[in-house]
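Trainee: Pasting a structure below so you can have a look.
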Amino acid sequence: MSTTDQQVFVLTEEELALLPSEEDVHFYQEHGWYLSKKLLSDEETALLEKASEDFYAGHRDRRLPVRPPKLAYWEPSAGGVQRHNDYIHYEDDRIGAILRKPLIGAVAALLTGTSSIRIFQSTLIYKPPAPEERSNIVPWHFDRHYWATCSSERMLTAFIPFHDCTEELGTITMVDGSHRWKETAENDRTSLHFAERDNSELDVMLAENAEFNGVELKKLPITIPRGHMNFHHCRTYHGSGANVGEIPRRAISLHLQDGENQYRPFTRSDGSEVSYNHDVLVRRTADGLPDYADPAYCPTTWQS
């Protein structure tokens, strides 16, 4: 429901029981990830799968007005590779309505200790059951590297499979506690997406950072039951392996920002300006900067 100028977010008694406990929040702060309770019903996950198949078949409720320069956007001509489609919350209303569910935002707000959560980005993902497909391997990285134009250190991601998600299917794997590491050095090449870098380079980066912090690498594949989701901190290293199962791994990666996050200019040491796909889409602030609170692309999903 809404007042004259501000949406009011309300949880039911059943939803309140699904929020993380104080112990859960402490676990997230210590480990950099949190496996939620069942936040989506079987009907909602079935709808996500049906809507995703309709999307792959060509359905769109709207399209981006311009194509950002680094948009991930699978089309049938790409064949049997792993599919990534950004801005799924914008282009598909059925999927967007589920991703804007206040319960998801409320969980994120508790984990990060903030009062307001907005969507930052969402990516529809389809990992085919093809162990030999190289694109199925997602190398080690953490999301904050790619959000250099964001001011916040509290951003996080909810990984939302549409089914039971196991190691066999190539589930997401967390490097436990890595969000608390210090990096070996400021290397602004890290602002390049992993798709633009060699996987072996990223393996070396992870090992060097673990050694620099004096810790043993602890890689945890997260088994996620249907309707549950795994939240991880923007500085938690993660990746995923091949899908050696018999069904495709279907999921959405939902990136979330706290209400304080805003655009900041970022220049690499070579003088090149870093930009995010939003920067050609969102409205401008009074100062003429990209507005990461633009409700068209970054809607608020929770406000306490």
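Trainee: For a quick check of your reading of the model, give me the residue pairs whose first member lies in the range 153-164 and is farther than 12 Å from residue 249 by Cβ, whose second is acidic (Asp, Glu), with beta-carbon atoms closer than 9 Å and at least 6 apart or on different chains.
Mentor: Short answer, once both residue conditions are applied: 154/258; 154/260; 155/143; 155/258; 156/143; 156/258; 157/143.
Trainee: Moving to a separate point now. Give the range 203-242 a look and list any residue that's loosely packed, with under 15 Cβ neighbours inside 10 Å and β-branched (Val, Ile, Thr), or say none.
Mentor: The one that is loosely packed, with under 15 Cβ neighbours inside 10 Å and β-branched (Val, Ile, Thr): 204.
Trainee: Identify all residues within the range 269-285 that are part of a loop (DSSP other than H, G, I, E, B) and acidic (Asp, Glu); write none if there are none.
Mentor: 270
Trainee: Within the range 248-264, can you find the residues that are over 30 Å from residue 133 (Cβ atoms) and assigned to a strand (DSSP E or B)?
Mentor: 257, 258, 263
Trainee: If you don't mind, another one. Would you pick out the residues in the range 86-131 that are over 20 Å from residue 41 (Cα atoms) and free of Cβ contacts under 8 Å to residues at least 40 places away in the same chain?
Mentor: Passing the criteria: only 91.
Trainee: A follow-up question, please. Do you know which residues across the range 39-77 are touching a residue at least 60 places away in the same chain (Cβ under 8 Å), not small (Gly, Ala, Ser) and not in a loop (DSSP other than H, G, I, E, B)?
Mentor: Residues satisfying the conditions are 42, 44, 45, 48, 49, 55, 56.
Trainee: Then there is this: In the range 243-259, how many residues are of a type outside the set (Gly, Ala, Ser), surrounded by fewer than 24 Cβ atoms within 10 Å (Cβ to Cβ) and under 29 Å from residue 295 (Cβ atoms)?
Mentor: Qualifying residue count, the range 243-259: 4.
Trainee: Same structure, new question: Scan the range 14-35 for residues that are part of a loop (DSSP other than H, G, I, E, B) and without any contact (Cβ under 8 Å) to a residue 24 or more places away in the chain and jot them down.
Mentor: 17, 21
Trainee: Being closer than 20 Å to residue 100 by Cα, surrounded by 13 or more Cβ atoms within 10 Å (Cβ to Cβ) and more than 22 Å from the chain's Cα centre (by Cα) narrows it down to one residue among 39, 11; which is it? Explain how you work it out, then say what you get.
Mentor: Working: 39 fails: more than 22 Å from the chain's Cα centre (by Cα).
After applying the criteria, what remains is 11.
Trainee: Related question: Within the range 123-166, track down each residue that is within 17 Å of residue 238 (Cα to Cα) and among the small types (Gly, Ala, Ser).
Mentor: 135, 158 - these are the residues of the range 123-166 that are within 17 Å of residue 238 (Cα to Cα) and among the small types (Gly, Ala, Ser).
Trainee: Shifting gears a bit: Filtering the range 258-274 down to residues that are at pLDDT 95 or above and either touching a His at 6+ places or on another chain (Cβ under 9 Å) or among the polar types (S, T, N, Q) (or both), which residue is nearest to residue 149 (Cα to Cα)?
Mentor: Per the criteria, the residue is 263.
The values are calculated or read from the model by the stated rules, or taken from the named source; none is laboratory data. Keep in mind that this is a model prediction, so the values were computed, not measured. A quick note on method: Cβ atoms are made from the backbone with ideal geometry, for glycine too, and the neighbour counts reach across all protein chains shown.
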